[in-house]
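Contents: one structure, followed by commentary.
FYI, it's all coordinate maths here, none of it is from the lab. Keep in mind that this is a model prediction, so the values were computed, not measured. A quick note on method: Cβ atoms are made from the backbone with ideal geometry, for glycine too, and the neighbour counts reach across all protein chains shown.
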Amino acid sequence: MLEMVLITLIKVLVVVVAVLTGCAYSTYMERKVLGRLQNRIGPSYAGPFGLLQPLADGLKLIFKEDIVPSNVERITFALAPMIAFIPALLSFAVIPFSSDFELFGYHITGMLSDLNIGILFIFAVTSLGVYGIVLAGWSSGSKYSLLGGLRATAQMISYEVAYGLSIIGVILIANTLSMRELVAIQEGITNWIIWKQPFGFLLYITAAIAETNRAPFDLPEAESELVAGYHTEYSSMRFSMFFIGEYANMLAVASVGTTLFFGGWNGPFLPPVLWFVIKVVAFMFCYIWLRATFPRLRYDQLMNFGWKVLFPLALLNTMVTAAWVML
Amino acid sequence: MEHQISSAFWVLSFVILTSAILLVSLKNVFHCALFMVLCLFSVAGIFILLDAEFLAAAQVLIYVGAVSILMIFAIMLTNNLTNRVIKQTNENGLVSLFVCLSFAVGAIMLISKTHSWNYRANELGHDNSLILGKYLMTEFMLPFEVISVLLLAAMIGAIALARKERS
Amino acid sequence: MSEYLSILIFILIGTGIVLFTFLLSRLIRPHNPYHAKNLNYECAEEPVGNSWFQFNNRFYIFALIFVIFDVEVIFLFPWAVAFGQLGLFALVEMVIFILILFFGIFYAWKKGALKWV
């Protein structure tokens, strides 16, 4: 019992540290890639190729003064960044990072917890993500925050249905909710679910980008109209929690997409963990690429797209997949 | 393991009861809504202790992730309600005390009469979404289809109300 | 159950790390508040009026429609898991279920509830 708890503890620490490092270097990657796409160099001063930039940013944020406006709801204001960050982190609890391996005579599984309802767990945790935003928007006592929070919430709930429906197609093929089994049936590149669900994948990535409030669906933080949206009044470490939370959400979406559609850690020659990281990085690159390519939507366009295009298409995809599985 | 489960049960019950009491007694409606979220979330924890994983996920998705958001929207929609301290009691205190007490006495009597509690749903097995899916599609087919009619009615009602308000 | 234990540990450690960074930052950052700094942001003006204003009730309608379809999606999950063992009948049942709900979204669409002005 004690041994098991200890192994879990070490695994949790490794995963948390890996995710946080991943978030930090996602910001670096975003700035570097975005810079290159816009004919700039991106960060290049801190360390070789600017590699120490995330570290410098983190240190700067820790040293910044924490300004709490006088008419905020103090307790909710303090809770909001944490509630925004924890659900983002929680998705990683059920993602298989690697195959099982032996270490010092212990059999170690490549994931933290293999739930029977793995993918449903991720869906549920994603639906919790709105609370950090609602709390931040409401407690700040600022008009921009409230409006940004409302917009973000309405957007996230509108795309959550399509997000869930895009997953259903995969489950219809795999007939399981367990993430481990999902990876197991995708051994070998021809068995990847993307070949059977190309349309489902497009739906997934569109809904997921809207869920994580990223460009071109980044209306909640549309600088030109809402200052910074729901985190207008946040500064210092509290702000950085929202920031890290957003990147953790992106990484979670990338990891889930990798596991559902691209065979997870499956791949030849290289170690499984490396394959997983490569696929996630490729996913993140697409995120940044999309941001650099598309202009931001208008809010009515966004809501229309979610309910009148994406949602019926996702339903249709589910039905067609079911009929196809039947045959 | 049994020991840990029962202690987890007590912790969860404590959280549920405390947040439920705060939910009906706090003066700020928004805070009430937040405690409702905590209460519903802890109920999902109880479901997990009973091995009803699918139900736990559904609880989080529907009650915590959807219904509570609807409540919070309703509170934010109502002007001057969010940051105003409201009265949480009315003149019917005595009557409600009587009703609650008689209900509590009745419930306790019934509970004490019941023997052989089947408190762990072991027969549910480990793939309860699969079993649930099979049952929904065979034995409980009619209730399942009726649900969709119910949901449809709810939606049409909501839309009709909203249209009435606007005109 | 032990699977959920590791999730509990995960939550605790995640919260612990957040609290630790908050504490660390509290120890080393400057703290110098004054009236103007503690005002809400409103383009460098003194904030006007109450911040908790009333907003368009359209948000509420969308939340309601969302609740209804969220319930639908949760019913699709066990159906999709069991689908491999169920066959044609399950497909027909689900098509009926979805068509009834689809009628709802069609109604909302026609009545203009999905229109964002």
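In this structure, B:Ser25 and A:Asn71 have a Cβ-Cβ separation that, at R0 = 22 Å, corresponds to a calculated FRET efficiency of about 0.30. GNM on chain A, C-alpha springs below 10 Å: top fluctuator among A:Ala174, A:Ala56, A:Ala154? Among A:Ala174, A:Ala56, A:Ala154, the largest GNM mean-square fluctuation belongs to A:Ala56. With coordinates expressed along the principal axes, the C-alpha atoms belonging to the range A:236-327 extend over 41, 41, 25 Å, beginning with the largest. Size descriptor for the range A:1-96, Kirkwood hydrodynamic radius: 16.6 Å (Cα pairs only, one decimal). The spacing between the range A:68-143 and the range A:149-213, judged by their C-alpha centroids, is 18 Å.
Among residues other than B:Ile69 with Cβ under 11 Å from its Cβ, the summed charge is -2 (Lys and Arg +1, Asp and Glu -1). For the range B:127-167, the convex hull drawn through the C-alpha positions has a volume of 56 cubic angstrom per residue.
Taking only the Cα atoms of the range C:57-111, the radius of gyration and Dmax are 13.7, 45 Å. From the Kirkwood radius over Cα pairs of the protein assembly as shown, Stokes-Einstein at 37 °C and 0.692 mPa s returns a whole-number translational diffusion coefficient of 128 µm²/s.
With θ taken as phi - 60° and the Karplus curve 6.51 cos²θ - 1.76 cosθ + 1.60 applied, the whole-hertz 3J(HN,Hα) list for the range A:50-58 is x, 5, 8, 3, x, 5, 4, 4, x Hz, x standing for glycine and proline. Please report the net charge: other residues with Cβ closer than 9 Å to the Cβ of A:Ser127, K and R +1, D and E -1. Charge balance in the 9 Å sphere: -2. Cα centroid separation, the range A:250-327 to the range C:5-31: 31 Å. So what does the Cα-only Debye profile of the range B:2-89 read at q = 0.17, 0.21, 0.22, 0.24 Å⁻¹, as log10 I(q)/I(0), no solvent term? Those come out to -0.74, -0.97, -1.02, -1.12, one per q. Across chain A, the convex hull enclosing all Cα atoms gives 156 Å³ per residue. Helix-only arithmetic for the protein assembly as shown: the sum of -39500 (n - 2.57) across DSSP H runs with n ≥ 4, divided by the residue total, places the mean residue ellipticity at 222 nm at -22500 deg cm²/dmol. Exposure proxy ranking for B:Leu22, A:Leu135, B:Leu132, based on other Cβ atoms within 10 angstrom of each Cβ and starting from the fewest, stands as B:Leu22, B:Leu132, A:Leu135. In this structure, the pairs whose alpha-carbon distance is over 23 Å, taken from A:Lys308/C:Lys111; A:Lys60/C:Lys37; A:Lys32/A:Lys143; A:Lys32/C:Lys37; A:Lys196/A:Lys279, are A:Lys32/A:Lys143; A:Lys32/C:Lys37.
Evaluate E = 1/(1 + (r/R0)^6) for A:Phe101 and A:Phe285, where r is the Cβ-Cβ distance and R0 equals 25 Å; express this FRET efficiency to the nearest 0.05. According to the calculation, E is roughly 0.35.
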